[in-house]
Amino acid sequence: MLLPYLNPSAPDAPDALRIGDDKLSREDLAGVATAVAERIAGARVVAVLARPTTETVLAVLGGLIAGVTVVPVPPDSGPREIAHILGDSGAQGWLGAAPDDPTLPVVPVRRYAKSWHRHPEPPADSVAMILYTSGTTGLPKGVPITRRAIAAGLDALADAWQWTGDDVLAHGLPLFHVHGLILGILGPLRRGGSVIHTGSPTPSLYAAAAEAGASIFFGVPTVWSRVAGDTAAAQALSSARLLISGSAPLPVPTFDAIRSLTGHEIVERYGMTETLITVSTRADGERRPGWVGLPLAGVETRLREGDSELPHDGESVGDLLVRGPMVGTEYLNRPEATAESWIGDGWFVTGDVAVIDPSGMHRIVGRRSTDLIKSGGFRIGAGEIETVLLGHDSVREVAVIGVPDDDLGQRIVAYVVGEPVEEAVLIDLVASQLSHHKRPREIRYIDALPRNAMGKVQKKLLE
Ligand code: MLC
Ligand code: AMP
């Protein structure tokens, strides 16, 4: 059965999925995705080039129905990233679209083939998806996400946001991350509601979705600050029920600007690829600018400093740990990284530093490591970019950091020691080998990197 994800008890909806001008009803989604499932039955893992298209959604749903693990691949990934993702995940083929030079067999998604066969629901602890996310060093790590985690995570959000099949969700986020794909596509389908994917998350496309009846909008903070800069588009969103932000800290001035333009206080929620969403403001609760809300149903959180537990007094700042039914259990093929982050009894060390007040409200203060950058809501490891830049003949040493940026939250800046070349040469080198959003926006030459007595680069001195 497909059906936890396509809610069999929901009535057919002619516009269950709209992406740009392309639409599919709930019944067509079920029929086409079931036919897709039958074409890949028996496979273990398939890769999906996750462009924002109905083909991507059908491929993902086909994998879910068949019980085949899906690996969504960012469509602008460089060859090095693709080779890593395919090799690490054990993908056996591409389902739907494929890159120009696919190294694996390609199984097409046939839009007009349908099946009404009911397939048994795969085991709840089987891996629905592997999502790749950056660490501080090295290539992206795979996070296996089980069917149980997805179901628990989406149902806990439904509780927090009073999210029902009557809602029409709109967003324009990429379909290879938790935010755009799991919450933004599987969420409304599980609720039995509808989704409008706007293609990209621009203010005018969001305004058009509001006019088309969308009731909930998702955005990363960059999207909300761009909406706040477009008065007409922002005002069009007044008709919504909820505006929701996540993936990076929402600046208080953006919260205030959206409130004054739309009358809405943005609901903020906090999560990670490894944990799905664990903390959120509630639809019926306090929305405190700069704070991300309360643990979702079934979630527990802790603050630690070294081995000591810190009080939830609204002042103590410590490492945030989370545990709950939507939290993952490992990094794929990475036992050491797994042991560092999952410390036993289901507790996951997020790497974020937080404060919790006596009422349970959480504020994310920052990240423990300067090597993990959040730019436009994308998580980017400094080490990955440094490795690519060191591959250029002119670069002797490099340190990549995120610097504060009004639009992107953080902007990637590379400090380089070496023979200066045109800035675009190094920027394009990264954009050609890695996903485009990992490119530095600026190259700054210096004579030497600041180092401590041990020779370790002191990135804090570069900020
Ligand atoms: C520019 N471009 C280049 C280039 N310079 N391409 C190649 N080489 C160069 N030198 C291209 C880009 O590829 C892109 O093309 C276009 O120019 C604009 O690029 P950009 O400036 O990077 O895009 P921008 O509009 O600024 O993007 C902002 C944004 C984006 C908000 C739309 O950052 C975004 O989609 N963010 C969402 C991230 C997200 O979903 N995170 C969720 C993680 S899950 P093209 O063709 O691509 O347009 C998670 C869990 C949780 O965190 O809590 O949710
Ligand atoms: P990703 O793995 O891409 O999901 O990124 C997860 C990281 O995004 C978290 O560890 C946080 O640093 C950050 N993040 C997500 N949501 C929020 C939020 N609402 N406020 C602050 N940071 C956030």
Next item on the list: Loop only per DSSP, at most 12 neighbouring Cβ atoms within 10 Å: give me the GluC sites (Glu not before Pro) in region 236-323, ordered by residue number.
Entry: GLU286, GLU315
Next item on the list: State, to one decimal in nm, how far the label point of ALA113 lies from the label point of SER260, with both points 7 Å from Cα in the Cβ direction.
Entry: 5.7
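Rounded to the nearest 500 deg cm²/dmol, what is the calculated helix-only ellipticity per residue at 222 nm for the chain, with -39500 (n - 2.57) per DSSP H run of length n ≥ 4? Don't skip to the answer; put the middle values down first.
Numbers: 13 runs with 124 residues, N = 463.
The helix-only estimate for the chain comes to -7500 deg cm²/dmol at 222 nm.
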Margin query: Compute the distance from the alpha-carbon center of region 95-130 to that of region 146-218, in whole Å.
Written below: 21
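Semi-axes of the equivalent ellipsoid of region 1-56: what are they in whole Å, largest first, if each equals the square root of 5 times a C-alpha gyration tensor eigenvalue? Write out the running numbers ahead of the final one.
On the way: eigenvalues 82, 55, 15 Å².
For region 1-56, the semi-axes come out at 20, 17, 9 Å.
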Notebook entry, point to check: By what distance, in whole Å, do the Cα atoms of region 319-455 stretch along each of the three principal axes, largest value first?
Noted result: 52, 36, 35
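Sort LYS438, LYS114, LYS374 by Cβ crowding within 10 Å, fewest neighbours at the top. All intermediate terms of the calculation are to be shown ahead of the outcome.
Working: LYS438 25, LYS114 15, LYS374 18.
With the sparsest Cβ surroundings first, the list reads LYS114, LYS374, LYS438.
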Notebook entry, point to check: Each label point is 7 Å from the Cα along the Cα-to-Cβ direction; what then is the distance between the points at ILE446 and ASP393, in nm?
Noted result: 2.7
Checklist line | Evaluated at q = 0.18, 0.21 Å⁻¹: base-10 log I(q)/I(0), Debye formula over Cα of region 345-385 | finding: -0.67, -0.81
Margin query: Tell me which GluC sites (Glu not before Pro) from region 378-457 have a DSSP coil assignment and no more than 14 other beta carbons within 10 Å of their own.
Written below: GLU422
Item checked: Interchain or long-range residues, amide H under 5 Å from LEU310's placed H -> LEU303, ARG304, GLU305
Checklist line | 5 Å binning of all Cα-Cα separations within region 376-462, expressed as whole percents from 0 upward | finding: 3, 14, 27, 26, 18, 9, 2, 0
Check: PRE reach from GLU336 (point 7 Å along Cα→Cβ): which of region 137-165 fall under 17 Å by backbone N?
Finding: 137-142
Notebook entry, point to check: In Å, what is the Rg of the alpha-carbon atoms in region 173-283, and how long is Dmax?
Noted result: 13.0, 37
Notebook entry, point to check: Under the Karplus relation 6.51 cos²θ - 1.76 cosθ + 1.60, θ = phi - 60°, what is the ordered set of whole-Hz ³J(HN,Hα) values for region 105-112, x standing for Gly and Pro?
Noted result: x, 10, 9, x, 9, 8, 5, 9
Margin query: Out of all DSSP beta bridges in the chain, what portion is antiparallel? Express it as a percent rounded to 5.
Written below: 65
Note to self: Cut-off is 10 Å between beta-carbons; in what order do THR275, THR136 appear when sorted fewest neighbours first?
What the structure shows: THR136, THR275
Checklist line | region 19-82: trypsin sites (Lys or Arg not before Pro) in DSSP loop, at most 15 other beta carbons within 10 Å | finding: ARG44
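Calculate, for SER200 and VAL403, the FRET efficiency according to 1/(1 + (r/R0)^6) with r their C-beta to C-beta distance and R0 30 Å; round to the nearest 0.05. Display every interim value, and only then the final one.
Values: r = 25 Å, r/R0 = 0.83.
The pair SER200/VAL403 has a calculated efficiency of 0.75.
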Check: In what order do THR254, THR338, THR273 fall by count of nearby beta-carbon atoms within 10 Å, going from fewest to most?
Finding: THR338, THR273, THR254
Notebook entry, point to check: Taking the alpha-carbon centroid of each part, what is the distance from region 316-369 to region 372-429 in angstrom?
Noted result: 27
Next item on the list: For an R0 of 60 angstrom, estimate the FRET efficiency from the Cβ-Cβ distance between ARG282 and VAL106 and round to the nearest 0.05.
Entry: 0.85
Next item on the list: Report, to two decimal places, the Cα Rg of region 267-367 normalised by 2.2 N^0.38 Å (N = number of residues).
Entry: 1.04
Note to self: Taking just the alpha carbons, could you work out the radius of gyration and Dmax for the chain, both in angstroms?
What the structure shows: 21.8, 68
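How large is the convex hull of the C-alpha atoms of region 4-200 per residue, in Å³? If you can, show how the numbers build up before the last one.
Values: hull volume 23.4 nm³, N = 197.
Convex hull of Cα atoms, per residue: 119 Å³.
A short reminder: the numbers here are calculations on the coordinates, not readings from a lab. The structure displayed is predicted, hence computed values, not measured ones. Using ideal geometry, Cβ is built from the backbone for each residue, glycine included, and neighbour counts are taken over all protein chains shown.
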